[in-house]
Amino acid sequence: MKRHVLAIADLATDEIEEIFRRAEAMEARLARGERPSDATGAIMATLFYEPSTRTRLSFEAAMWRLGGAVISASDMKSSSAAKGETLADTAKVVSSYADLLVLRHFWDGAARLASEHADVPVINAGDGSHEHPTQTLCDLYTLKRAKGSLKGLTVAVGGDLKRGRTVHSLVRALARFGANIVIVPVRGLEFPRWLLESLAEQHGYTPRVARPEDVRALAHDVHALYLTPAKPHQLALFTDVEFDLGAGLANAEPITLDALYMTRQQRERRESDGEETGEYLRVDAQTFQDPSMRNTLLMHPLPRTGEIAATLDRDPRSIYFRQAAAGVPVRMALITFVLEQRGRGTQPAVPRDPGVLRAGPLCGNPNCITRREEVVSEQRFRLHREAGGRAHLVCLYCDHEVRIQVIGNRKSKHFHVYEEPMYGYLDAWARDATLQIFDSVKQAEEAGFKPYKLGPQKSIMDAAQVDASIRTLTEAILADTRELNDLVIVGIKTAGAFIARRIADHIRELRGAEIEVGVIDVHGGAHSIRPWPGGDTEGAPPVEVAEKVVVLIDDVINTGWTTKEALSVIWRSGRPRAARLAVLIDRGHRQLPIKPTYVGKHLPTAPFERVRVRLRELDREHKDKVVIYSTVDPKAAA
Ligand code: CP
């Protein structure tokens, strides 16, 4: 059997502990001057498409120390990759020269793709912004040796959490070992949502707000999250519409940091120039003079680029060079572990990919290997079913979430634009392997699928009623807002954004004040609030909401999930003084504890019914109206 290590999830907790035991034994053997021969006769190939000092040299040193040999391309630009050879072909060919392949690549999911083509085990030495599992082994090994145990430790991770692959693997492993995690991101470089959700779902981690004084020593104006194993703070941060930071902080318990794990800014992975951040976390001797940091270890995967002052290098709490040194014994241990699995018929200890789909749409992550190279495996996504009927796809290569747009039934050859009430069908079709997921209606039609029909439509509000409701919402917002200079109106794309614009226009008519309007494209995976009109303003700076009163606008609220996602975008954009929610229609059926502050019309509906707000800006008929209709049972329509 080929035992690949592509992500930290590929190693069970007891296997990680076994690797640590072996690493300690390796250290002792090397200290005694022994010359281990555990890998005599074996060859390891290293393929590094990105620069590396620690990972590459410690892997190669580890193999030599074990009595094995190493083959390598000194620079992938001097290999046939420079002539356009695919990673798949390179992995296939090189695996016929070696017993083990160690790969670093700039694309997320590259190690997984290589493992599908290699005839020998593949170890991921870092793939894009995705994972760096062997760095995590070095980190945990060093931390455990310094503190005795990992369980119950409180570890802060700071810096570029969005693109830092080391922390993506690290927090998942810390969660497995029962540590508390404090997240100290740089603004705009927060953990991706898919990662926080996987911590919540797989490990029961819930977020709380950390007290500013607990992280004050690290940086000014950071809002830190404190993640703890299941405690009764479910979703509190993200779903309180009128979230009261003061109250949240008042309830926050003091934190004692056992370790601070700093990371550098991943400038080479910037998606645009606008992503450059001016301020970055930096710790120096003064930071570490803070009495609260007396027993805090300072960690870094290295290389550092100014986040840690060199004056701290001699401080006994600084253990980053020990992490780097651990690379040799830990990777010696891992190499022996992986080589020993050869020929064993057992499955990996950690079952992966439950509910894998046979096909799916394109991954939405532009850096995913599946967007860059032909993928032969049909297993590209896992269907992720959330409590309450929400579902999305998770890319098996890069872990990014992909929204489900259009679902079809292979047997009946019908398709339907996916809506939450259709969850039952999605689930049933996935189970009987008839589910097909499309990127778009066009793709479904091109595949020869026909649409299911919708039931008859009934008008609920006409143009005059829609206008009256929007004016009523405007007046209610004005009545609650003393200082218009502080007000920002943020609409959820698409209809919510147009309603937001109209509310701002009404305020101008009534008060002569120009209110800033922002747009959040929840369904487009928004990370920031764009200035009105949203899509056409790329390059413009995002809307600032820190210390402002934000009124979030949507056309219809139902389960509350869309609102929750928009609120988390607002939260990540700054710290508003207050956030309120205004909706034209409240349908009921809430799955999250969200209560709109302002409601145009309460319209209780059945789960199979759909409410659509048609606005003159969006509809060719040039008239506003709200309609309700039922989704037809696809089985009946088939
Ligand atoms: N920590 C780490 O991965 O370092 P290198 O990039 O030097 O391998």
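The values are calculated or read from the model by the stated rules, or taken from the named source; none is laboratory data. Everything quoted here is computed from the prediction, not taken from an experiment. Here the Cβ is made from the backbone with ideal geometry for all residues, glycine too, and neighbour counts use every protein chain on show. What goes into the accessible areas is simple: the full protein's heavy atoms, side chains included, and nothing from ligands, DNA or RNA. Shrake-Rupley method; radii C 1.70, N 1.55, O 1.52, S 1.80 Å.
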Original post:
Regarding residue 145, is this residue open to solvent by 10 Å² or more (accessible area, probe 1.4 Å) and out of contact with any strand residue (DSSP E or B) (no Cβ under 7 Å at 6 or more places or on another chain)?
Top reply: yes
Wholly inside the stretch 1-119, strands (runs of 3 or more DSSP E) that include 2 or more residues that are of a type in the set (Gly, Ala, Ser) and in contact with a helix residue (DSSP H, G or I) (Cβ under 9 Å, 6 or more places away or on another chain) are 69-72
- If we scan the stretch 262-277, do we find a residue that is under 16 Å from residue 218 (Cβ atoms), at pLDDT 85 or above, part of a loop (DSSP other than H, G, I, E, B) and not basic (Lys, Arg)? yes
Note on residue 166: of the conditions (1) open to solvent by less than 10 Å² (accessible area, probe 1.4 Å); (2) within 15 Å of the ligand (Cβ to nearest atom), unmet is (1)
Result of the Cβ filter at 9 Å on the stretch 30-55, keeping first residues that are basic (Lys, Arg) and partners that are more than 16 Å from the ligand (Cβ to nearest atom), at least 6 apart or interchain, is 35/29; 35/65; 35/67
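Sort through 173, 73 and tell me the only one that's open to solvent by less than 10 Å² (accessible area, probe 1.4 Å) and either within 16 Å of the ligand (Cβ to nearest atom) or in contact (Cβ under 8 Å) with a residue 12 or more places away in the chain (or both).
Checking each option against the conditions leaves just 173.
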| query | Can you find a residue in the stretch 15-25 that is within 16 Å of the ligand (Cβ to nearest atom), surrounded by 16 or more Cβ atoms within 10 Å (Cβ to Cβ) and not basic (Lys, Arg)? | reply | no
Residues of the stretch 26-53 being open to solvent by 70 Å² or more (accessible area, probe 1.4 Å) and within 16 Å of the ligand (Cβ to nearest atom), in sequence order, are 51, 53
Given (1) within 14 Å of residue 331 (Cβ to Cβ); (2) within 15 Å of the ligand (Cβ to nearest atom); (3) buried (at least 19 other Cβ atoms within 10 Å of the Cβ); (4) over 25 Å from the mean Cα position of the chain (by Cα), residue 57 misses just (3)
Determine whether the stretch 113-125 contains at least one residue that is within 12 Å of the ligand (Cβ to nearest atom), in contact (Cβ under 8 Å) with a residue 24 or more places away in the chain and not small (Gly, Ala, Ser).
yes
Taking the stretch 552-594 and keeping residues open to solvent by less than 10 Å² (accessible area, probe 1.4 Å), over 18 Å from residue 615 (Cβ atoms) and part of a strand (DSSP E or B) leaves 579, 581
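Any idea how many residues of the stretch 409-456 are in a strand (DSSP E or B) and either open to solvent by 20 Å² or more (accessible area, probe 1.4 Å) or touching a residue at least 40 places away in the same chain (Cβ under 8 Å) (or both)?
13
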Condition set more than 16 Å from the ligand (Cβ to nearest atom) and either open to solvent by 50 Å² or more (accessible area, probe 1.4 Å) or in contact with a helix residue (DSSP H, G or I) (Cβ under 6 Å, 6 or more places away or on another chain) (or both), scope the stretch 298-311, selection farthest from residue 134 (Cα to Cα): answer is 311
Of the residues in the stretch 99-108 that are open to solvent by less than 10 Å² (accessible area, probe 1.4 Å) and either farther than 23 Å from residue 15 by Cα or within 13 Å of the ligand (Cβ to nearest atom) (or both), the one that is farthest from the chain's Cα centre (by Cα) is 102
| Based on what the data block shows, is residue 128 closer than 18 Å to residue 368 by Cα, within 16 Å of the ligand (Cβ to nearest atom), surrounded by 23 or more Cβ atoms within 10 Å (Cβ to Cβ) and modelled with pLDDT under 95? | no
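Conditions (1) without any contact (Cβ under 8 Å) to a residue 60 or more places away in the chain; (2) more than 12 Å from the chain's Cα centre (by Cα); (3) farther than 20 Å from residue 402 by Cα, marked per residue:
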position	(1), (2), (3)
128	no, yes, no
134	no, yes, yes
146	no, yes, yes
150	yes, yes, yes
167	no, no, yes
199	yes, no, no
Restricting attention to the stretch 312-324, the residues that are within 30 Å of the chain's Cα centre (by Cα), open to solvent by 50 Å² or more (accessible area, probe 1.4 Å) and without any contact (Cβ under 8 Å) to a residue 60 or more places away in the chain number exactly 1
